[in-house]
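Structure first, then comments.
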Amino acid sequence: MHVTLDSIDKRIIAELQGDGRMSYADLAPLVGLSPAATRQRVQRLTDSGVLQVVAVTDPLALGYTAMAMFCITVERDAQSVADAVGALPSVIYAVLSAGGYDVLAEVLCESNDELFNVLNNDVRTIPGVREVQAFPYFRIHTHRFSWGVR
């Protein structure tokens with residue numbers, strides 16, 4: 001289902017991306033509505049699946065110093081491999097892809113040893129995995145949550 005956002009919806013989202021705990025009374029004047037109308041707009045955006053207010057953590061602050069993107073080539077069924085990869089606790093993001101790799105997975109671990117174990121003992125042993133290329137991160141350079149509203 002495609003949802004069309006007007007300028008007020010986009011402003012609401014942009015403001016909540018800056019402070020997801022902002023009250024409707026504080027948000028309302030920023031978007032030009034009453035608090036009640038603002039609440040209704042936020043509820044509509046939430047109910048439609050466009051908006052989800054969540055807590056975002058910093059993996060480095062939590063001790064997850066080993067990060068990598070695993071680029072996986074599969075033999076046959078990419079969906080089943082993506083399901084198995086996505087079920088691993090260290091995997092925070094998994095997508096089906098086209099091109100050189102069939103599945104991409106972002107992995108967070110507390111150490112390089114743990115990252116190696118996830119790669120070697122977990123991902124490479126999944127039935128259907130043909131090859132895995134691991135691209136460790138030194139640090140996250142850009143991480144945006146403001147897309148789609150500006």
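Every read-out reported here was derived from the displayed coordinates using simple, explicitly stated rules and does not represent laboratory data. Predicted model, so just to flag it, every value in this text is computed and none were measured. Please note: Cβ atoms are built from the backbone with ideal geometry, for glycine as well, and neighbour counts cover all protein chains shown.
Key figures for this structure:
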read-out	value
Amide H partners (placed H, <5 Å) of residue 51, local residues excluded	46
Orientation-averaged projected area, Cα convex hull of the chain (nm²)	11.0
Theoretical gain in end-to-end length, residue 65 to residue 21 [0.36 nm per residue, Cα-Cα removed]	13.0 nm
HN-Hα J in Hz across region 81-97 - Karplus 6.51, -1.76, 1.60, θ = phi - 60°, x for Gly and Pro	5, 4, 4, 5, 5, x, 7, 6, x, 7, 8, 9, 7, 9, 9, 8, 9
Integer Hz, Karplus 6.51/-1.76/1.60 couplings in order for region 65-73, x for Gly and Pro	9, 10, 10, 7, 9, 9, 9, 10, 9
nm² value of the averaged projected area, convex hull over the Cα atoms of region 7-47	2.4
Amide H partners (placed H, <5 Å) of residue 97, local residues excluded	103, 104
The chain: calculated mean residue ellipticity at 222 nm from DSSP helix runs of at least 4, using -39500 (n - 2.57)	-9500 deg cm²/dmol
Under 15 Å, Cβ to Cβ, from residue 118 - net charge with Lys/Arg +1 and Asp/Glu -1	-4
